[in-house]
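The numbers here are math on the coordinates, done by the rules we state, and not lab data. Just so you know, these numbers come straight off a predicted model, no measurement behind them. Please note: Cβ atoms are built from the backbone with ideal geometry, for glycine as well, and neighbour counts cover all protein chains shown.
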2 protein chains.
Amino acid sequence: MDYSRDNMAGLLRSHDINPTHQRIEIAHALFSRQSHLSADQVMAIVNTRHSETSKATVYNTLKLFLEKGLIREVIVDPSKVFYDPNTSAHHHLYAVDTGELTDIDASQVQISGLPALPAGMVTEGIDLIVRVRRAN
Amino acid sequence: MDYSRDNMAGLLRSHDINPTHQRIEIAHALFSRQSHLSADQVMAIVNTRHSETSKATVYNTLKLFLEKGLIREVIVDPSKVFYDPNTSAHHHLYAVDTGELTDIDASQVQISGLPALPAGMVTEGIDLIVRVRRAN
DNA sequence: CCGGGAATTAGACAAAGTCCAGATTGGCGA
DNA sequence: TCGCCAATCTGGACTTTGTCTAATTCCCGG
């Protein structure tokens with residue numbers, strides 16, 4: 001995959017997002033790493049050289065990417081949300097002591113026996129989180 | 001089940017927790033309702049008549065109950081943690097628009113095909129969250 | 001070059017949760 | 001019963017994550 005800045009513009013456009021400088025930088029930070037980042041981490045990466053992007057823009061942009069289905073939100077730690085550039089079906093392995101977050105491919109995993117949804121409700125997503133820690 | 005205040009003392013003792021006034025009130029709030037409460041909600045319930053328990057104590061006590069295995073933590077909403085007096089195996093159904101959180105009995109649900117854990121790691125728990133919203 | 005809507009910004013603000021030093025409590029031995 | 005001591009509780013300052021707003025900047029079509 002090509003995650004160069006140049007290609008980010010196309011990616012954004014294909015998701016109906018106006019590609020601006022800041023948005024390209026933020027997309028690049030997430031996609032070139034292919035890892036789970038918090039808003040804080042994204043801000044730090046984007047502003048390494050000199051301050052370029054404000055906090056408000058980082059939060060707004062991440063929310064926009066989320067709405068447009070470009071990235072996913074992973075809620076495993078009460079203190080911060082992680083953003084995941086991998087939107088294909090997958091689950092997560094969370095090391096509670098180190099805070100490390102890894103993907104689990106969903107194609108091997110089967111979940112069966114879930115009860116029917118309450119009437120008038122639709123599933124927005126199913127999150128499966130395996131919490132692990134060092135054996136002592 | 002008897003979730004009277006009198007019985008809370010025994011419950012706490014059986015989990016190796018010194019039963020104090022405040023701890024009994026907090027346990028009573030959670031267990032008599034059998035529902036998922038946030039720290040804020042616990043504090044509001046405990047202090048309905050007149051202020052009796054400080055914020056610090058509520059947070060400390062919930063953390064203590066958690067360590068001692070008396071309650072569980074449910075992380076579904078980035079803005080607040082819920083505490084669950086039901087520690088038997090079960091999953092959760094989360095209505096993203098209303099914030100309502102319901103239990104899913106785990107006995108009917110099967111999860112298969114999870115990959116082996118990394119060496120030296122043990123599972124602390126598996127959280128399965130079904131996110132739903134109103135169909136439009 | 002100009003006007004206007006979209007995007008960005010700094011900084012004030014809000015809410016959840018943590019921390020600390022001092023005050024209170026309650027159980028126990030004398 | 002009394003006084004002591006460790007455990008517990010407290011108010012309030014503080015931190016962190018995230019939101020909001022009003023003012024500015026950017027960019028594009030004409």
(request) Taking every pair of alpha-carbon atoms in chain B, give the share separated by more than 27 Å as a whole percent. (result) 29
(message) Give me the inter-chain shielding for A:103-115: mean count of other chain Cβ atoms within 10 Å, whole number please.
(response) 4
(message) What translational diffusion coefficient, to the nearest whole µm²/s, does the protein assembly as shown have by Stokes-Einstein, given a Kirkwood radius computed over alpha-carbon pairs, a temperature of 37 °C and 0.692 mPa s viscosity?
(response) 156
(message) Quick check on chain B: helices-only [θ] at 222 nm, where DSSP H runs of length 4 and up contribute -39,500 (n - 2.57) each and the sum goes over total residues. Nearest 500, please.
(response) -10000 deg cm²/dmol
(message) How high is the relative contact order of chain A? Use alpha-carbon pairs under 8 Å, at least six apart in sequence, and give a whole percent.
(response) 18
(request) Any chance you could check the Cα centroid distance between region A:1-71 and region B:67-131 for me, in angstrom? (result) 30
(request) Sticking with the crude label model, points 7 Å out along Cα→Cβ, report the distance from A:Arg131 to B:Glu124 in nm, one decimal please. (result) 0.6
(message) Using a label point 7 Å beyond Cα on the Cα-Cβ vector, give me the inter-copy distances for B:Asp97 in nanometres, one decimal, shortest first.
(response) 4.4
(message) Students often forget the sequence filter, so: which aspartates and glutamates lie under 13 Å Cα-Cα from A:Lys63 once same-chain residues fewer than 8 apart are removed?
(response) A:Glu73, A:Asp84
(request) Springs between alpha-carbon atoms under 10 Å, Gaussian network over chain B: tell me which of B:Thr57, B:Thr123, B:Thr87 tops the mean-square fluctuations. (result) B:Thr123
(request) Please give the residues of region A:96-136, grouped as numeric ranges, whose backbone N is less than 19 Å from a label point set 7 Å along the Cα-to-Cβ vector of B:Glu67. (result) A:96-98, A:133-134, A:136
(request) With θ set to phi - 60°, apply the Karplus curve 6.51 cos²θ - 1.76 cosθ + 1.60 along region B:95-108 and write out the HN-Hα couplings as whole Hz, x wherever there is a Gly or Pro. (result) 8, 5, 7, 9, x, 6, 10, 10, 7, 10, 4, 7, 5, 8
(request) Between B:Ala106, B:Ala116, B:Ala44, find the one with the highest GNM mean-square fluctuation for chain B; connect C-alpha pairs within less than 10 Å. (result) B:Ala116
(request) For peptide B:119-127, compute the average count of partner chain beta-carbon atoms within 10 Å of each residue's beta-carbon. (result) 6
(request) Return, ordered by residue number, the residues of region B:104-122 whose backbone nitrogen is under 12 Å from a label point located 7 Å along Cα→Cβ of A:Ser112. (result) B:109-113
(request) Taking every pair of alpha-carbon atoms in region A:24-71, give the share separated by more than 14 Å as a whole percent. (result) 44
(message) 7 Å along Cα→Cβ for the label point: how many nanometres lie between B:Ala116 and each equivalent label in the other copies, listed shortest first?
(response) 4.2
(message) Modelling each spin label as a point 7 Å along the Cα-to-Cβ direction, I'd like the B:Ala89/B:Asn60 distance in nm, to one decimal.
(response) 3.6
(message) Can you tell me the convex hull volume per residue for region B:43-100, based on C-alpha atoms, in Å³ to the nearest whole number?
(response) 108
(request) Please determine, in degrees from 0 to 90 and to the nearest 10, the orientation of helix A:55-67 with respect to the longest principal axis defined by the Cα atoms of chain A, where the helix direction is its Cα long axis. (result) 50
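For the pairs A:Lys55/B:Lys80; A:Lys80/B:Lys68; B:Lys55/B:Lys80, note any where the Cα-Cα span goes beyond 18 Å. The partial results should precede the final answer.
Details: A:Lys55/B:Lys80 21 Å; A:Lys80/B:Lys68 25 Å; B:Lys55/B:Lys80 15 Å.
Where the Cα-Cα span goes over 18 Å, the pairs concerned are A:Lys55/B:Lys80; A:Lys80/B:Lys68.
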